[in-house]
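Sharing a structure with you now.
The values are calculated or read from the model by the stated rules, or taken from the named source; none is laboratory data. Note that the structure is a prediction, hence the values are computed from the model and not measured. As a convention, Cβ positions derive from the backbone with ideal geometry for all residues, glycine included, and neighbour counts pool all protein chains shown.
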Amino acid sequence: MAQQVTADVLLGLAVLLVGASSLGVLLMPDIFRKLHYVAPAGVVAPALVALAVTVKVGWAANTTDTWLAVLFMAATSPVITHATARAARVRAIGSWTGRKSRKGSEERPRGEDGR
């Protein structure tokens with residue numbers, strides 16, 4: 001009984017987290033702010049699901065596979081987020097570095113020191 005309740009609570013938390021992350025993605029105005037809300041849904045929620053599987057099933061082959069998938073997602077999530085941000089920046093201004101756009105015009109630095 002306690003196993004079932006614990007697993008249900010963990011799955012409920014995962015669902016709430018994905019719902020909140022989805023709402024954040026929906027309400028944020030630009031891609032760079034939206035990317036902040038993707039990480040919890042892509043890393044923390046799967047970890048909660050893996051914990052629920054571990055509580056319900058115990059340590060077995062299925063649990064090992066689940067945790068390997070979570071580790072893979074945790075390792076690749078920052079790379080995917082960076083690639084998405086880089087593609088959005090290139091699409092917006094034409095260059096990743098911000099020095100010269102594809103149209104040939106110089107980009108203005110953000111501050112006096114160029115940062």
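Residues of the stretch 31-70 being under 30 Å from Ile93 (Cβ atoms) and in contact (Cβ under 8 Å) with a residue 24 or more places away in the chain, which ones?
Once the filter is applied, which keeps residues that are under 30 Å from Ile93 (Cβ atoms) and in contact (Cβ under 8 Å) with a residue 24 or more places away in the chain, the stretch 31-70 yields Ile31, Phe32, Leu35, Val38, Ala39, Ala41, Gly42, Val43.
Which one is farthest from Trp96 (Cα to Cα) among residues in the stretch 70-84 that are loosely packed, with under 15 Cβ neighbours inside 10 Å and hydrophobic (A, V, I, L, M, F, W, C)?
The extreme case among them is Leu71.
Does Thr97 satisfy the condition of being over 30 Å from Met1 (Cβ atoms), over 14 Å from the mean Cα position of the chain (by Cα) and either at pLDDT below 90 or part of a helix (DSSP H, G or I) (or both)?
Taking the combined requirement at face value, the residue satisfies it.
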